[in-house]
Amino acid sequence: MAYDTYLAERIRQIFSDQRCTVIEKKMMGGLCFMLNNKMCCGIHFSKKKAIDLLMVRIGEEMAQKVSSREGCLPMDFTGRPMKGYIFVEPNGYDLDEDLNFWIDLCIAFNPMAKASKKRKK
């Protein structure tokens, strides 16, 4: 199943409102939004749960602070959670104010995030 295109449009609108230029890449069974050539946030369809999860890159410290918010899950693809990233279930981002909260955290963390190393061809 593909990711939720309506959620993607809502995310695009937030980036536009914030005057952020993002690049979109299809990856990990969904869509990733790259800000300043760094993974910022994305949409991942969970086959296990049969729902779209919002993936947010907010750093380890903030991830711990917000882990008790509604819908938060560790970002876990391989059996080992990725540090500094979390998944948010739909009940945690359905409201516009909640989605804005998550995207604002991603944008705030982006300057501190490290870019992935470019693969040699």
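The values are calculated or read from the model by the stated rules, or taken from the named source; none is laboratory data. Quick caveat: nothing in here was measured; it's all calculated off a predicted structure. Here the Cβ positions follow ideal geometry from the backbone for every residue, glycine too, while neighbour counts run over all protein chains shown.
Quick look at the values:
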item: Which listed residue is within 12 Å of the chain's Cα centre (by Cα) and aliphatic (A, V, I, L, M), from L95, L54; result: L54
item: Search result, residues across segment 51-69 that are surrounded by fewer than 13 Cβ atoms within 10 Å (Cβ to Cβ) and touching a residue at least 12 places away in the same chain (Cβ under 8 Å); result: E60, S67
item: Extreme residue, nearest to F109 (Cα to Cα), among residues of segment 49-72 that are in a strand (DSSP E or B) and touching a helix residue (DSSP H, G or I) at 6+ places or on another chain (Cβ under 9 Å); result: R57
item: Near pairs, Cβ below 7 angstrom, 6+ apart or cross-chain, from segment 27-48 (part of a loop (DSSP other than H, G, I, E, B)) to any residue that is modelled with pLDDT under 95 and small (G, A, S); result: N37/A115
item: Hits in segment 70-111 (condition: surrounded by 10 or more Cβ atoms within 10 Å (Cβ to Cβ) and farther than 20 Å from D52 by Cα); result: K83, I107, A108, F109, N110
item: Residue count, segment 11-26 (criterion: in contact (Cβ under 8 Å) with a residue 40 or more places away in the chain and either of a type in the set (D, E) or surrounded by fewer than 16 Cβ atoms within 10 Å (Cβ to Cβ) (or both)); result: 1
